[in-house]
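Remarks on the structure that follows.
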Amino acid sequence: MSAVIHTPAMPAAKPASRRRTLPRPARIGIYAFLLTAAAFFLLPLYVMLVTSVKPMEEIRLGHIFGLPMKMTLEPWVQAWSAVCTGLQCEGIQGGFWNSVAIVVPSTIVSILVGALNGYALSFWRPRFSNGLFLLLLIGAFVPYQVLMFPLVRAFASMSLFGTLPGIVLIHTIFGMPVMTLLFRNYYATVPRELFMAARIDGGGFWRIFVQLMLPMSLPIIVVAVIMQVTGIWNDFILGLTFAGREHLPMTVQLNNVINTTTGERLYNVNMAATLLTSLVPLVIYLVSGRWFVRGIAAGAVKG
Amino acid sequence: MGAVNILEQLDLAVQEGEFLVLLGPSGCGKSTLLHSIAGLIDVDAGSIHIGGKDVTWADPKDRSIGMVFQSYALYPTMSVERNMSFGLRVAGLPKQEISKRVERASKMLQLDPLLARKPAQLSGGQRQRVAIGRALVREAQVFLFDEPLSNLDAKLRTELRRELKQLHRELGATMIYVTHDQVEAMTLASRVAVMRGGRIQQIGAPGEVYARPANMFVAGFLGSPSINFVHGQLSGSGGDRAAFRAGAFEASLPREVFLHAPPANGDAVLGVRPEHISLTPPGEAHIPAEVTLVEPMGSHQVVWLDMQGQRLAAIVNSAVPPEVGERVGVAMDLERACLFDPRSEERL
């Protein structure tokens, strides 16, 4: 046990002094490529950002890459609280709060439903559970547009059409296949003996789910939250169709701002409104990028 | 597990306070049997009684069982204390009773300093102790162990094995223990049930199963190195002794070797344990053999022999073990040998 054998397949740790101090050409090439790619993808964001803080006179000059000569935050204020979204001219703040009101319950409910489905499919294995799962997955590949009209009719008959619970239900339904897949695969990595031990300890369906499985699912819940928040926040067609006039999400209102056909096009206000709308997913990715990767890794390998 | 019948037909009665070990190779159905007793698998036919109560269709929690798993199966988000008390909290026991039981179990297993830790902060041995503690606090009638020591290293395994035996003596509870490790089976069991292909091959006290195996499978599964089988013929039996012949090897077997009256003639397999073979200087009285390999084990040596084409293992305890290539004489303690039918593999 104490003897250490060095073989070519098991090299000893190299001394630190042998580490390269100068980057190799290949390394330089990789960085050059990465920087170019980053610049390419960041360019539109840069244009939006500078345009949003320029006054209209400056925009009319046509130097879209130029830095603003006279910086102003007026377009942002206007976009938030004064721009016309259709008939009302109260900015897109209403849309922001509508989106929050849709995203928060939809994310929570869809994740809970997905986790519950995944838990039931992996541990309780009901009869035909594989068939049920397959059916659910097929659901993920059916285009929204096909289902739109039947769903509108069905929701109208249940007087859910155009209501907040209605749009939450819609997002839950459309999120269910992917959420179920995510949680089912995560729970597949949990040793079955854990579930058996909890059964012997007297845990029932709900207790094992709430007290044991949900607390264990934190990494995958983070992934699910990121997916659902960005997905639902960026949704346009479902919000437009099902949310009703009172609850139109931010994306729909943004479209109303930008696609207006009357008057002068206020590019700076449009850019500010667009940036405001995309702020939530942007922040989520920036804050949780590390978690996102960790969550995927945690689900992928048995730990 | 599909539609395969894993346990073909099985009758098993476990005495109160007994330590029964189910021993067998992987896939022999021993874990399936244990899971059926625990209620984690539904049985297709038959019934299970615990303490005189029919629990065939009872929920696992209502069977008065505690179970310990191979992978520990500790709840990763709960502390040691909460792991142990989970079942009691589910059952809705008063707080005082819960802490009393947890305290007693943790004292028994020396877990007191670890109560606040999470499973991830424990070593393998500690984790399995917690798992045992979690079963103990249930104060069940029957404790089930599903290969609890298989994930531990050799030293810890020996240690925990001794602790388990001690625990069984202190509690006097019924324990059913599944393993594929014959050493665990021999040391722990008050009775061993050797299983193969979903059937119990033999059940009895470890010493008895070892000394008088019911068939060739049981004989070969127990013991390390495993029993030597010498294929040959029986002839001229009658009276007190029977002659066994395998090539140049000839032996006269006493009547006690046989389970039943020996068949007069026919093929037979002689089973001799390595420790019942002793080496002598080559001579007329003993069968000549050549040493092909010597494995020093510290306390003894395993000597592999070539006896006229038959490979034999012998355990010798000698300060001067024989050398490879040396010619020796083989003496067998035939009173302790067994004879088997080569076709049915049953003991003759």
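Structural remarks
- Computed FRET value (nearest 0.05) for B:ARG241 with B:ASP112, which takes r as the C-beta separation and R₀ as 56 Å: 0.30
- Computed over segment B:239-348, Cα set: Rg, Dmax in Å: 14.8, 44
- A Förster distance of 56 Å, applied to the separation of the beta-carbon atoms of B:ARG327 and B:LEU171, puts the FRET efficiency at 0.55.
- Potential extension, B:SER252-B:GLN308 segment - 0.36 nm per residue separation minus Cα distance: 18.3 nm
- If you take the alpha carbon atoms of chain B and fit the smallest convex hull around them, that volume is 170 Å³ per residue.
- Taking chain A as a Gaussian network of alpha-carbon nodes connected by springs under 10 Å, the highest mean-square fluctuation of the residues A:ALA198, A:ALA154, A:ALA32 belongs to A:ALA32.
- Most mobile listed residue (A:HIS63, A:HIS247, A:HIS171) in chain A, GNM with C-alpha springs under 10 Å: A:HIS63
- Working from label points 7 Å from Cα in the Cα-to-Cβ sense, the B:ARG336 to A:TYR31 distance is 7.6 nm.
- Among the trypsin sites (Lys or Arg not before Pro) in segment B:278-348, those placed in a DSSP loop whose Cβ has at most 16 other Cβ atoms within 10 Å are B:ARG343.
- Rg/Rg_ref, segment B:1-145, where Rg_ref = 2.2 N^0.38 Å and atoms are Cα: 1.13
- Label-to-label distance, nm, for residues given as A:ILE237 and B:HIS300 (7 Å Cα→Cβ offset): 7.8
- At an R0 of 56 angstrom, the distance between the Cβ atoms of B:GLU290 and A:LEU218 translates into a FRET efficiency of 0.30.
- Extended-chain gain in nm, criterion 0.36 nm per residue less alpha-carbon gap, A:ARG192 and A:LEU147: 12.4 nm
- Residues whose amide H lies under 5 Å from that of B:LEU22, counting only those 5 or more places away or on a different chain, are B:TYR177, B:VAL178, B:THR179, B:ALA193; hydrogens are built 1.01 Å from N in the peptide plane.
- Per residue of the protein assembly as shown, the DSSP helices (runs of n ≥ 4 H) give a summed -39500 (n - 2.57) that works out to -14000 deg cm²/dmol at 222 nm.
- Grouping the Cα pair distances of the protein assembly as shown into 20 Å bins from zero gives a pair-distance distribution of 14, 30, 28, 18, 8, 2, 0 percent in increasing distance order.
- Long-range Cα-Cα pairs in segment A:110-174 (distance over 20 Å), rounded percent: 41
- Percent of beta bridges antiparallel (DSSP, the protein assembly as shown, rounded to nearest 5): 75
- Chain A: proportion of alpha-carbon pairs further apart than 24 angstrom, %: 67
- Exposed loop positions in chain A were taken to be chymotrypsin sites (Phe, Trp or Tyr not before Pro) whose DSSP state is not H, G, I, E or B and which have at most 11 other beta-carbon atoms within 10 angstrom. Between these positions, the longest stretch is A:129-303.
- Under DSSP loop assignment and at most 13 Cβ neighbours within 10 Å, longest trypsin sites (Lys or Arg not before Pro)-free interval of chain A: A:128-264
- Whole-Å distance, taken between Cα centres, linking segment B:155-195 and segment B:47-102: 21
- Separation of the A:VAL283 and B:ALA154 label points, Cα + 7 Å toward Cβ, nm: 6.0
- Inter-centroid distance (Cα atoms) of segment A:147-199 relative to segment A:52-115, Å: 30
- Between A:SER157 and A:LEU42, the contour length at 0.36 nm per residue exceeds the alpha carbon distance by 36.7 nm.
Quick note: the coordinates plus some simple rules give every number you see, no bench work behind them. Computed from a predicted model, the values in this text were never measured in an experiment. Methodologically, a virtual Cβ is constructed for each residue, glycine included, from the backbone with ideal geometry; neighbour enumeration extends over all protein chains shown.
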